[in-house]
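Structure first, then comments.
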Amino acid sequence: MKTLIAVLLCTALCWDGLNAQCPEPATLKDVNGAKVCARMFEDSNIIYAESCGGDSLDAFPDDDIPTIPWRWNNRVSSLVVNRGCSLTVWGRYRKQGTKRKFSAGIQHRLKDVGQGLGILRDWDNDISGYWCVC
């Protein structure tokens, strides 16, 4: 019986690890091995291990993008910021509207991040520009 419980526990933990999609911040690199400042994802999930899914958009060190590419406008739902970097985002084109600075780490669900006091909106699907610094 103890063996069965151990196998089931290991299977559950291993399966959870297989579903994990968010990369570790310190490992962010593009396909050519260049350092990525932040990676933004179109999907998130209430189950953190299933966040950071779908297509992704890389922000490189010193990227200053006041108008995010059309395909990505209001599509980002989770993000990862590399160690030693920060990502500042804006809710409107040309760095207008509410802004937020994300430090190094994983933000599994932007739906859990409010835009400020008195503002009932969250950051899920509400990024229109960004600036990434390392």
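With a 1.4 Å probe rolled over the protein heavy atoms of all chains, the accessible area of Y130, Y48 falls in the order Y48, Y130, largest first. Cross-link reach is defined here as a Cα-Cα straight distance under 18 Å, omitting same-chain residues fewer than 8 places apart; for K111 the lysines meeting it are K99, K101. Surface listing: W131, W90, W123, W70 arranged by accessible area from highest to lowest gives W70, W131, W90, W123, probe 1.4 Å.
Would you work out if segment 38-133 is rounded, prolate or oblate? Take a ≥ b ≥ c from the square roots of the eigenvalues of the alpha-carbon gyration tensor; rounded if a/c is under 1.5, else prolate when a/b is larger than b/c, oblate otherwise. Provide the component values of the computation, followed by the final result.
Values: a/c = 1.34, a/b = 1.08, b/c = 1.24.
Rounded is the answer for segment 38-133, as its axis ratio a/c remains below 1.5.
A Förster radius of 25 Å, combined with the Cβ-Cβ distance separating Q115 from D64, puts the computed FRET efficiency at roughly 0.70. The candidates I127, I46, I65, arranged from most to least accessible area with a 1.4 Å probe in the full protein assembly, appear as I46, I65, I127.
Note on K99 and D30: their simple-model spin labels are 2.4 nm apart, each label 7 Å out from Cα toward Cβ.
Here T27 sits with roughly 80 square angstrom of accessible surface, probe radius 1.4 Å.
Rolling a 1.4 angstrom probe over the protein heavy atoms, how many square angstrom per residue are accessible across segment 38-133?
Working: 4860 Å² over 96 residues.
For segment 38-133, the solvent-accessible area averages 51 Å² per residue.
The values are calculated or read from the model by the stated rules, or taken from the named source; none is laboratory data. All values reported here derive from a predicted model rather than from experimental measurement. Note: ideal-geometry Cβ built from the backbone for every residue, glycine included; neighbour counts use all protein chains shown. Calculation scope for accessible area: heavy atoms of the full protein, side chains included, ligands and nucleic acids excluded. Shrake-Rupley method; radii C 1.70, N 1.55, O 1.52, S 1.80 Å.
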